[in-house]
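All remarks here apply to the structure that follows.
The values are calculated or read from the model by the stated rules, or taken from the named source; none is laboratory data. Quick caveat: nothing in here was measured; it's all calculated off a predicted structure. Ideal geometry is used to build each Cβ from the backbone, glycine not excepted, and the neighbour counts take in all protein chains shown. These area figures cover heavy atoms from the full protein model, side chains too; ligands, DNA and RNA do not enter into them. Shrake-Rupley method; radii C 1.70, N 1.55, O 1.52, S 1.80 Å.
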Amino acid sequence: MFTEYEIETLIENEVIKKATFELKKEFIKNEAPYLEISDQDFFSLIVMTPTVGVALANGSVSLWEEMALNKKARKLSKGGYFMKKDPVVFGLKYLIKQYDNWEDSFLGIIRLTMEETFSISKLEAPYDKNQSVSESAYRDEVLKAPYILIRFLSSFFLDDDEDIISQRSISKVDFGRVQSIGEKLGLHKIPLFHYFCSTFKVN
C-alpha cells in the first residue's frame, strides 16, 4: 500500500492538489460539516475509495473489515494519530455511509492521479479473456510495469504488504466489485490488471 510519504509526493502535483481541494470543499459542505482534515489526509481518504468499495460490496462493512480499513487509514494519515482522533479514520465514517453518492467523484480523482503519474494509454492493449497466463508471464509483466501502477493496484485491492504475485481467495461479490472499480478507473484496458485479477481464487 502507499506510504504517507508517497501520498505527500502525489499531492504535490498542482493538478491533483487543486482537484482534491475542490472535492474536499464539496464533500465537507454536503456530508461532513464537522470533518477537520488537511488536503493531504483528504487525498488519503480518496485513495482508500476502492478498498472501501470492495468492503461494501455485500452492502455493509463487517467489524473485521472496519478494523482493517481503520488500520490502513492510520498508516496513510500525515504524521500519525495513534493517541488522537485520526482525520482519515473520521472521514471514513462519512464515506462509508454515503459511498454510493461519492464513488464516481472520488474515483475520478484517482483516475486523474493515475493520468498525471503514468500513461494509461501506452499500457492499453487487446486482452483475450480466455487466455491463460502463467505465473512466470505475470511476473514478467509486473517487472515491466510502471512502479506507480503496481503501487496503485496493491493499495487499492490488497492487504498491507501482501505480495501482488501471490494467489488469494475472494468472494464472488467482492471480485465483481474489484472488476467494476477497475473498469471505472480505466484499468480494464490494461492487460496487467486482468493478469492481477487472475491471482484471485473466486469462492
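Mind counting the residues in the stretch 14-69 that are assigned to a loop (DSSP other than H, G, I, E, B) and open to solvent by less than 70 Å² (accessible area, probe 1.4 Å)?
Here the count works out to 12.
With the condition kept exactly as written, say whether any residue in the stretch 118-139 is within 13 Å of residue 46 (Cβ to Cβ) and in a helix (DSSP H, G or I). I'd like the intermediate steps shown before the answer.
As a first pass, look at the stretch 118-139 and keep what is within 13 Å of residue 46 (Cβ to Cβ): none.
Checked the stretch 118-139: no residue is within 13 Å of residue 46 (Cβ to Cβ) and in a helix (DSSP H, G or I).
Can you pull out the residues in the stretch 135-161 that are more than 14 Å from the chain's Cα centre (by Cα) and open to solvent by less than 60 Å² (accessible area, probe 1.4 Å)?
137, 138, 141, 142, 145, 146
In the stretch 182-198, what residues are in a loop (DSSP other than H, G, I, E, B) and either open to solvent by 60 Å² or more (accessible area, probe 1.4 Å) or without any contact (Cβ under 8 Å) to a residue 24 or more places away in the chain (or both)? Spell out how you get there, then give the answer.
First, pick out the residues of the stretch 182-198 that are in a loop (DSSP other than H, G, I, E, B): 185-186, 190, 198.
Within the stretch 182-198, just 198 meets the criteria.
Select from the stretch 78-90 the residues that are surrounded by 17 or more Cβ atoms within 10 Å (Cβ to Cβ) and either in contact with a Lys or Arg (Cβ under 8 Å, 6 or more places away or on another chain) or at pLDDT 95 or above (or both) and list them in ascending order. Full working, then the answer.
Restricting attention to the stretch 78-90, the residues satisfying the condition of being surrounded by 17 or more Cβ atoms within 10 Å (Cβ to Cβ) are 78, 86-90.
Of everything in the stretch 78-90, those that are surrounded by 17 or more Cβ atoms within 10 Å (Cβ to Cβ) and either in contact with a Lys or Arg (Cβ under 8 Å, 6 or more places away or on another chain) or at pLDDT 95 or above (or both) turn out to be 86, 88, 89.
Sort out which residues of the stretch 162-181 are loosely packed, with under 14 Cβ neighbours inside 10 Å and not in a helix (DSSP H, G or I), and write them in order of number.
Correct list: 162, 163, 165, 166, 167, 168, 169.
Identify, from the list 38, 60, the residue that is hydroxyl-bearing (Ser, Thr, Tyr), over 16 Å from the mean Cα position of the chain (by Cα) and either in the same structural domain as residue 154 (by the TED database) or over 21 Å from residue 174 (Cβ atoms) (or both). Outline the logic, then answer.
Details: 60 fails: either in the same structural domain as residue 154 (by the TED database) or over 21 Å from residue 174 (Cβ atoms) (or both).
Just a single option satisfies the conditions, and that option is 38.
Got a sec? Which of 104, 100 is farther than 22 Å from residue 200 by Cα, outside the structural domain of residue 167 (by the TED database), open to solvent by 50 Å² or more (accessible area, probe 1.4 Å) and without any contact (Cβ under 8 Å) to a residue 12 or more places away in the chain?
Working: 104 fails: without any contact (Cβ under 8 Å) to a residue 12 or more places away in the chain.
Result: 100 is the single residue among 104, 100 that is farther than 22 Å from residue 200 by Cα, outside the structural domain of residue 167 (by the TED database), open to solvent by 50 Å² or more (accessible area, probe 1.4 Å) and without any contact (Cβ under 8 Å) to a residue 12 or more places away in the chain.
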